[in-house]
Amino acid sequence: MNIEELYKSCDAFLQGHFLLSSGKHSAFYLQSAKVLENPKNAELLCKNLADIIKSYGLEVDKICSPALGGILAGYELARALDKPFIFTERVNSVMSLRRGFEVKKSERFLICEDIITTGGSALESAKLIESLGGVVLGFAALANRGFCAVTNLNTKARDNAKLPSTLPCFALANFDFELYEKELCPLCKSGSEAIKPGSRGN
């Protein structure tokens with residue numbers, strides 16, 4: 001499966017000047033919502049991701065995703081693995097569990113994102129699950145932006161990767177995009193204004 005070609009065919013491989021949820025800037029953005037707009041794409045991608053996870057023998061009880069971006073991928077992955085699904089969401093900037101979702105003591109979780117950059121949101125969800133008595137066994141995403149180590153792709157973590165090196169992370173593809181801090185961003189220095197994906201038609 002060529003993930004890059006699939007994103008491009010769905011007009012989801014964007015070029016411009018973007019402000020990512022991590023706070024970093026990039027000239028490229030993967031708009032997973034455009035890919036997952038087609039349920040057949042969602043099913044195919046997450047079935048492939050589920051097969052990778054199964055091949056590593058990871059046994060989990062439930063899938064959890066941080067809202068909003070990870071919800072579609074997490075739900076489809078849960079369906080492919082035949083497991084329940086919950087999601088976390090920020091309330092006053094604090095990652096929280098709402099809507100009647102529960103975490104049982106020692107319940108085993110996989111945290112799923114659509115795209116992982118530094119892994120900050122996924123890690124926030126993992127810490128919340130663990131604070132409620134759950135056990136996080138690993139992470140998964142449709143694609144990795146080149147920062148976090150991916151177990152099945154044998155990629156190495158960069159210095160600012162936030163996911164723990166002791167837990168596996170699975171992804172279908174790795175995109176090694178250059179990311180910039182705002183004050184070091186050459187796109188900003190050229191006078192371009194970063195836009196947050198989801199706004200202005202992006």
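Quick one: in segment 128-163, of everything that is touching a residue at least 12 places away in the same chain (Cβ under 8 Å) and of a type in the set (D, E, K, R), which residue is surrounded by the most Cβ atoms within 10 Å (Cβ to Cβ)?
To start, the set of residues in segment 128-163 that are touching a residue at least 12 places away in the same chain (Cβ under 8 Å) comprises 128-129, 132-153, 155, 158, 160-163.
Among the residues that remain, those that are also of a type in the set (D, E, K, R) are: 145, 158, 162.
Working: Arg145: 25, Arg158: 14, Lys162: 18.
Applying the filter and picking the extreme gives Arg145.
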Residue match in segment 48-56 (condition: out of contact with any helix residue (DSSP H, G or I) (no Cβ under 6 Å at 6 or more places or on another chain) and in a loop (DSSP other than H, G, I, E, B)): yes
Residue within segment 86-93 that is outside any loop (DSSP other than H, G, I, E, B), modelled with pLDDT of 95 or more and within 22 Å of Gly57 (Cβ to Cβ) present: no
Test for Leu123: is it at pLDDT 95 or above, over 19 Å from Glu4 (Cα atoms), out of contact with any Asp or Glu (no Cβ under 8 Å at 6 or more places or on another chain) and surrounded by 23 or more Cβ atoms within 10 Å (Cβ to Cβ): no
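Kindly check whether there is at least one residue in segment 75-85 that is among the charged types (D, E, K, R), without any contact (Cβ under 8 Å) to a residue 12 or more places away in the chain and part of a loop (DSSP other than H, G, I, E, B). Walk me through it before giving the result.
In the first step, residues of segment 75-85 are kept if they are among the charged types (D, E, K, R); the result is 76, 79, 82-83.
So of that shortlist, the ones also without any contact (Cβ under 8 Å) to a residue 12 or more places away in the chain come out as 82.
From what's left, part of a loop (DSSP other than H, G, I, E, B): 82.
Yes, because at least one residue in segment 75-85 is among the charged types (D, E, K, R), without any contact (Cβ under 8 Å) to a residue 12 or more places away in the chain and part of a loop (DSSP other than H, G, I, E, B).
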Tally of residues being free of Cβ contacts under 8 Å to residues at least 60 places away in the same chain, closer than 26 Å to Cys185 by Cα and either in a helix (DSSP H, G or I) or touching a strand residue (DSSP E or B) at 6+ places or on another chain (Cβ under 8 Å) (or both) across segment 8-31: 4
Selection status of Glu113, buried (at least 20 other Cβ atoms within 10 Å of the Cβ), over 12 Å from the mean Cα position of the chain (by Cα) and not hydrophobic (A, V, I, L, M, F, W, C): no
Subset of segment 59-76 (residues that are touching a Phe, Trp or Tyr at 6+ places or on another chain (Cβ under 8 Å) and open to solvent by less than 70 Å² (accessible area, probe 1.4 Å)): Val60, Asp61, Lys62, Ile63, Cys64, Ser65, Pro66, Ala67, Gly70, Ile71, Gly74
Any hit, segment 32-39, residues being modelled with pLDDT of 95 or more, crowded, with 16+ Cβ neighbours inside 10 Å, in a helix (DSSP H, G or I) and among the hydrophobic types (A, V, I, L, M, F, W, C): yes
Lone qualifier among Leu153, Leu179 - being at pLDDT below 95 and aliphatic (A, V, I, L, M): Leu179
Residue, least open to solvent (accessible area, probe 1.4 Å), within segment 91-102, restricted to residues that are free of Cβ contacts under 8 Å to residues at least 24 places away in the same chain and touching a strand residue (DSSP E or B) at 6+ places or on another chain (Cβ under 7 Å): Phe101
Meets criteria (surrounded by fewer than 20 Cβ atoms within 10 Å (Cβ to Cβ), closer than 21 Å to Phe170 by Cβ and not acidic (Asp, Glu)) for Lys105: no
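The values are calculated or read from the model by the stated rules, or taken from the named source; none is laboratory data. Computed from a prediction, not measured in an experiment: that's the story for all the values here. Note that each Cβ is placed from the backbone with ideal geometry, even for glycine, and that neighbours are counted across all protein chains shown. SASA here: full protein model, heavy atoms, side chains in, ligands and nucleic acids out. Shrake-Rupley method; radii C 1.70, N 1.55, O 1.52, S 1.80 Å.
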